[in-house]
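Undergrad: Sending over a structure as structure tokens; questions will come in a sec.
Nothing in this text is a laboratory measurement; each read-out follows from the coordinates by a stated rule. Predicted model, so just to flag it, every value in this text is computed and none were measured. Every residue, glycine as well, gets a Cβ built from its backbone with ideal geometry; the counts of neighbours run over all protein chains shown.
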Amino acid sequence: MSKQSDKLVPIKNDGFFDGIAGSIRLIWRLIRDRRVNPLLKLLPVGSMIYLIAPDFLPLNPIDDVLIIWLGSYLFIELCPPEIVQEHQRLMNSVIDAEWHEIDEDK
């Protein structure tokens, strides 16, 4: 492991909105990861396209929420577990370090 990853300290996220924000960040990181199959990346992209496309079912907001949730859930579940765990660990950690002021006169 690198020296930087040895200094990681877990941070605590609580609450409903923290969970949603964390899931969105995880999905974004997984979409940008080249190790994830491009076909899997169609799940969250397709669910977002469904959100802006005309509704086909009469349940308007309910079906939109269900499709986005299902697409997100399946995407995370179908991604390789070691990649998901790596991103979760990095997202839920901060680097344990000290703050130093820079002397601009030097």
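Undergrad: Taking H placed 1.01 Å from N in the peptide plane, check which residues at least 5 places from Ser93 or on another chain put their amide H under 5 Å from its amide H.
TA: The answer is Ile11.
Undergrad: Right, another one. Could you give each residue of segment 33-48 its phi-based ³J(HN,Hα) in whole Hz, using Karplus coefficients 6.51, -1.76, 1.60 with θ = phi - 60°, and x for Gly or Pro?
TA: Couplings: 7, 6, 7, 8, 4, x, 5, 5, 5, 5, 4, x, 5, x, 5, 6 Hz.
Undergrad: At a Förster radius of 30 Å, what calculated FRET efficiency corresponds to the Cβ-Cβ distance of Ile24 and Asp103, to the nearest 0.05?
TA: Numbers: r = 40 Å, r/R0 = 1.32.
The calculated FRET efficiency here is 0.15.
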